[in-house]
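Inspection log for the structure reproduced underneath, given as structure tokens.
The values are calculated or read from the model by the stated rules, or taken from the named source; none is laboratory data. Remember, it's a predicted structure, so these values are computed and weren't measured experimentally. Glycine also receives a Cβ, built like all others from the backbone with ideal geometry; neighbour counts cover every protein chain displayed. Quick note on the areas: whole protein, heavy atoms, side chains included, nothing else; ligands and nucleic acids left out. Shrake-Rupley method; radii C 1.70, N 1.55, O 1.52, S 1.80 Å.
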Amino acid sequence: HVQLVESGGGLVQPGGSLRLSCAASGYTYSSYCMGWFRQAPGKEREGVAAIDSDGTTTYADSVKGRFTISQDNAKNTVYLQMNSLKSEDTALYYCTIANLQRVPSAFEYWGQGTQVTVS
């Protein structure tokens, strides 16, 4: 069973930084994509950033230039470095993983989320 555990959220002032971590376990995918989504009250869940097993990254337009996703394969951990945070970044951030060897692939496993509040 795949388990994802997020950490690193908190309260930060606008312009500040946070680094989120997602520790993954229980998967043996040779080709995968790990991503960060976020959801604020009253708003739809949105994709933030993703990185696949080949190192390819994608970002939402709203976070390009401010957020950086990275991974530590030895630790099975993905990170989201968030700089120049804005109030609109306030949300519950979730970590997900998709098996790219499965067609169609989908983000089907989710962590419990970590709260990021920018105020």
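Scanning segment 1-36 for residues that are β-branched (V, I, T) and touching a strand residue (DSSP E or B) at 6+ places or on another chain (Cβ under 7 Å) returns V2, V5, V12. The sole residue among T68, T117, T58 that is closer than 18 Å to S21 by Cα, more than 14 Å from the chain's Cα centre (by Cα), in a strand (DSSP E or B) and hydroxyl-bearing (S, T, Y) is T117.
The numbered conditions (1) without any contact (Cβ under 8 Å) to a residue 12 or more places away in the chain; (2) open to solvent by less than 50 Å² (accessible area, probe 1.4 Å) are all true for A50 except (1). Scanning segment 62-86 for residues that are under 17 Å from D52 (Cβ atoms), open to solvent by 30 Å² or more (accessible area, probe 1.4 Å), polar (S, T, N, Q) and touching a residue at least 24 places away in the same chain (Cβ under 8 Å) yields a total of 2.
Selection within segment 87-106: residues that are assigned to a strand (DSSP E or B) and among the aliphatic types (A, V, I, L, M). The member of this set that is surrounded by the most Cβ atoms within 10 Å (Cβ to Cβ) is I97.
Scanning segment 71-86 for residues that are assigned to a loop (DSSP other than H, G, I, E, B) and either more than 25 Å from S30 (Cα to Cα) or modelled with pLDDT of 95 or more (or both) returns N83, S84, L85, K86. Per the listing F37, F107, the residue uniquely within 18 Å of Q3 (Cβ to Cβ), at pLDDT below 95 and within 12 Å of the chain's Cα centre (by Cα) is F107. Of all residues in segment 42-55, those being among the small types (G, A, S) and either in contact with a helix residue (DSSP H, G or I) (Cβ under 8 Å, 6 or more places away or on another chain) or not in a loop (DSSP other than H, G, I, E, B) (or both) number 3.
If you take the residues in segment 1-41 that are assigned to a loop (DSSP other than H, G, I, E, B) and of a type in the set (V, I, T), which one is most open to solvent (accessible area, probe 1.4 Å)?
Step by step, filter segment 1-41, then rank; the result is T28.
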